[in-house]
1. Answer yes or no: is there a residue in region 234-244 that is under 28 Å from ASN181 (Cα atoms), assigned to a loop (DSSP other than H, G, I, E, B) and more than 20 Å from the chain's Cα centre (by Cα).
2. State which residue pairs qualify: first residue closer than 24 Å to HIS235 by Cβ and aliphatic (A, V, I, L, M) and inside region 32-56, second residue more than 12 Å from the ligand (Cβ to nearest atom) and modelled with pLDDT under 95 in any location, beta carbons under 8 Å apart, and separation of 6 or more residues or different chains.
3. Restricting to region 190-226, name every residue that is assigned to a helix (DSSP H, G or I) and surrounded by fewer than 16 Cβ atoms within 10 Å (Cβ to Cβ).
4. Looking only at region 48-64, how many residues end up being of a type in the set (Asp, Glu) and surrounded by fewer than 12 Cβ atoms within 10 Å (Cβ to Cβ)?
5. What is the one condition in (1) assigned to a helix (DSSP H, G or I); (2) within 12 Å of the ligand (Cβ to nearest atom) that ILE187 does not satisfy?
6. Quick check on this structure: which one of ASP104, ASP88, ASP74 is closer than 27 Å to PHE5 by Cα and either over 14 Å from the mean Cα position of the chain (by Cα) or among the polar types (S, T, N, Q) (or both)?
7. Does at least one position in region 205-217 carry a residue that is in contact with a helix residue (DSSP H, G or I) (Cβ under 6 Å, 6 or more places away or on another chain) and touching a residue at least 40 places away in the same chain (Cβ under 8 Å)?
8. Looking at ILE80, ILE67, ILE128, ILE134, which is the one that is assigned to a loop (DSSP other than H, G, I, E, B) and surrounded by 13 or more Cβ atoms within 10 Å (Cβ to Cβ)?
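The values are calculated or read from the model by the stated rules, or taken from the named source; none is laboratory data. Every value quoted in this text rests on a predicted model; they were computed, and no experiment measured them. Neighbour counts are summed over all protein chains in view; Cβ atoms, including those assigned to glycine, are modelled from backbone coordinates with ideal geometry.
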Amino acid sequence: MKYQFDFTDKIVLITGASRGIGRAIAEGFSSLGAISLLVGRNVEKLNETEAAILEQGGKCIKIQADINVVSQVDTMINNIKRDFNRVDILINNAGVGHRIPSIDVTEEQWKTVLDTNLNTPFFLSTKIAKEFMIPQKCGKIVNTASMGGFSGIPMSAAYSSSKGGILQMTRSLAAEWAKYNIQVNCICPHYTKTDLIQEAMSNEDWIRLVASRTPIGRLAEPEETVGAALFLASHMASYITGTYIQIDGGCYGGGF
Ligand SMILES: NC(=O)c1ccc[n+]([C@@H]2O[C@H](COP(=O)([O-])OP(=O)(O)OC[C@H]3O[C@@H](n4cnc5c(N)ncnc54)[C@H](OP(=O)(O)O)[C@@H]3O)[C@@H](O)[C@H]2O)c1
């Protein structure tokens, strides 16, 4: 087992597991023995993720919660404490974004993006670390940043700011919590075929443009983000913390 991925009975809390990248990551963990705790607001979509995992013989628990509502997060943590009394891996994946000219962005829109993509992942990480990972003397946190955290994206200032912020948050928590044997890292996907970019994907010219600027020549599939998340959450990444893996089809951090 020394050089194998094995997540048997690991408790993996995955936000935004109802669809897209989070669902793929949850399927990945559960296929390797983990018990995936699937967090999202949309019950029907959570049911679909659950059905896919069960069909593959995996284990999971659905948790319907809005991660930006403190009372719902606290209830979720209390229930995890009651049922499992541990969290081995936290995947801060839930995310939102808007494509709006910056001069038209409202304070509410800005705050929703920053809350979902940066503020809540910070406070969820601190609660999970305090309640479970520090007492159990181990833990892995994988944050879903973005190639948009490195480069500016027109009409997505809030999104890009949140993703730049989570990269910095990752480095800071990694440095602070290394002494507790908690490793904190990021995955940074490039454009990936999910609902998040559905509007952009309806534009054939945009898809061609992205493909032409991506050495691999196409957008990513959600499943192509899974390997990096599993690796960073595994015992084989025990000396890796405060860094990120780009899943960028060869763009080398350039983005656009
Ligand atoms: N797709 C891309 O091109 C791309 C590129 C780089 C990075 N990313 C990042 O990858 C992550 C996953 O995105 P995706 O592409 O898979 O998007 P997606 O298909 O739109 O999925 C977003 C997920 O986040 C959940 N979510 C959003 N707000 C939530 C809230 N307040 N409470 C609970 N769950 C919430 C959604 O669940 P419910 O709707 O059920 O609440 C859903 O499961 C995000 O952090 C995103 O920024 C995506």
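1. For region 234-244, residues under 28 Å from ASN181 (Cα atoms), assigned to a loop (DSSP other than H, G, I, E, B) and more than 20 Å from the chain's Cα centre (by Cα): present.
2. Close Cβ pairs satisfying both conditions: LEU32/PHE5; LEU32/ASP6.
3. Once the filter is applied, which keeps residues that are assigned to a helix (DSSP H, G or I) and surrounded by fewer than 16 Cβ atoms within 10 Å (Cβ to Cβ), region 190-226 yields ASP195, GLN198, GLU199, ALA200, GLU204, ASP205, TRP206, ARG208, LEU209, ALA211, SER212, GLU223.
4. 1
5. Only one criterion in (1) assigned to a helix (DSSP H, G or I); (2) within 12 Å of the ligand (Cβ to nearest atom) is unmet by ILE187, namely (1).
6. Result of the check over ASP104, ASP88, ASP74: ASP88.
7. No, region 205-217 contains no residue that is in contact with a helix residue (DSSP H, G or I) (Cβ under 6 Å, 6 or more places away or on another chain) and touching a residue at least 40 places away in the same chain (Cβ under 8 Å).
8. The unique qualifying residue is ILE67.
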